[in-house]
Structure formats: C-alpha cells, structure tokens
1. Compute the helix-to-body angle for 8-26: its Cα long axis versus the longest principal axis of the chain, expressed 0 to 90° and rounded to tens.
2. By residue number, which cysteines of the chain lack any other Cys whose Cβ falls under 4.7 Å from their Cβ?
3. Taking the Cα centre of the chain as origin, work out the dipole magnitude from +1 charges on Lys and Arg Cβ and -1 charges on Asp and Glu Cβ, in debye rounded to 20.
4. Based on the Kirkwood radius over alpha-carbon pairs, what is the Stokes-Einstein translational diffusion coefficient of region 114-166 at 20 °C with 1.002 mPa s viscosity, in µm²/s?
5. Please list the three semi-axes, largest first and in whole Å, of the ellipsoid equivalent to region 46-163, using sqrt of 5 times the eigenvalues of its alpha carbon gyration tensor.
6. Over the chain, average the accessible area per residue using a 1.4 Å probe and give it in Å², no decimals.
7. Where does the chain land on Rg(C-alpha)/(2.2 N^0.38 Å)?
8. Let me check something: with ligands and nucleic acids excluded, how do W6, W191 order by accessible area (1.4 Å probe), largest to smallest?
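The values are calculated or read from the model by the stated rules, or taken from the named source; none is laboratory data. None of these values were measured; they are calculated from a predicted model. Note that we place each Cβ from the backbone using ideal geometry, even for glycine, and neighbour counts take in every protein chain shown. For the accessible areas, the whole protein counts, side chains as well, though only heavy atoms, and no ligand, DNA or RNA atoms are used. Shrake-Rupley method; radii C 1.70, N 1.55, O 1.52, S 1.80 Å.
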Amino acid sequence: MAAARWTDEEARLRTAICRIGKLSYDRNYIVGADGNISARMADGTILITPTGAMKGFLEPHQVAHVDMTGRAIDDGPKPSSEVGIHLVSYQERPDVKAICHAHPPHAVAMTIAGVDLQMPVIPEIIVTIGGIPTAPFGTPGTSELPETIRDLVRCSDVMMMQNHGSVTLGANLMDAYKKLDMLEHTAKILWLAHVARGGLEPLPEEDVRKMLETRAQLGITTRNTLENRCGLE
Ligand SMILES: [Zn+2]
C-alpha cells in the first residue's frame, strides 16, 4: 500500500515497528533475519514484520499487513513465517496490542540449559513480570509452534519457547519491547548468578508474598504467573 494511503495510525505503527526492530537488533536480541514484531490496529488487522528481512534495517513500507487469519490484505510484503505466534496471542488476549518475538541469547540459553526462569529471585521482576514460563519445544515454521504457547499467553505477558526464543505481549509496541528488555536482563543476571554459585536459590516464600502484596498496592495488573500460579502447580 502506498504511504500516501496510510492512515495516521498505520503510518505511526509502521514506523514504530521499524524502530523496535532496530532497537532489538542493536541490543542483540535478534541477529540476521531473526524475530518478528507486530501491532494490532484499531480495525483488528495486524501489521507485522515481513518474512526473511533483517529487522534492524526495515523501512515502514516493508511491513506486512494481514487479517486475523494471517492473510495479506494488500499486495505488499509477505508476513513473517512465524505470524501464527502473533495470531494465537491476539486471539487469546483482546487487551494485547503489540507483540515482540526475539531470540535473546541469555534467555534462550537458560531454556536449553534447563534453568527455571519461573523461580522468584529478583524483587523488581516478581512485582512486575512475575515468573517467566517456558513452552514445550515446537518446530519453527509449523502450525504446532503457535499452539505450544496458547495456554501460557492466557496467564503471562512474557514467555519463552524451549530452545528457540521469547514472546512478549504489550499494550503497545514500547510496552512489549520493554518486557523483552527486562526478560533478557533478568536472564543475564540469573545466568551470571547460576554460574557463579552453581545454581539458583529462590527468595523465601514469605518475601515473595510481601512483594506480591506490594504489587497489588501499586495497582500493577499485568498477568503474573507467581500470582495466578500458572504452570506452577
Ligand atoms: Zn523465532
């Protein structure tokens, strides 16, 4: 679609997707043609990074535009092959308006090493994101992969896919990116601690309970698996 025909909303979201792609690339959360970024427009259609492109160097006209079944609604670029991850997330979460899928190295390494990212260790993360659940392995590019995250999407804004990458959900693009940023920073700290002490120790339950009370007092309502116990029992 020609730029002149974009609404203000579409132009703004296309530009923001490119910006988040560059940030993710510069921060090493994606390399090569990895990852994909999407945003849901007010009319329910989805703007998503195109297949095969390097997301660090995207231009607004290269972003694909699809409906909720993943079909292109214009003659522009083809959507990412991992569009299913985004569609499942938007289906399950009407509140979600943007999604980042990336391959943040420390977080992915943790899933390969089998280190539990659900463990409550860092106060700031307990209060905000909560535990970080990991979906079972699904083959990339297949219809099986999106289904591996469907249940987790209902109870967390942040999740890992085993041996593969992250999915972070947000009220807008910067919110989804912020959660990716926090996820990889958390994984890096836990990785360093894991190596330094030969394992991780959760904070005592009593401290976790107090922090979840603080969270309630602060009015933070993101989906937090330590609170809703998703995947923890
Ligand atoms: Zn991926």
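1. 50 degrees
2. C18, C100, each lacking another Cys Cβ under 4.7 Å.
3. Here the chain has a charge dipole of around 340 debye.
4. Working: Rh = 11.7 Å.
It comes out at roughly 183 µm²/s.
5. Here the semi-axes work out to 27, 15, 14 Å.
6. Heavy-atom SASA per residue in the chain reads 46 Å².
7. 1.01
8. W191, W6
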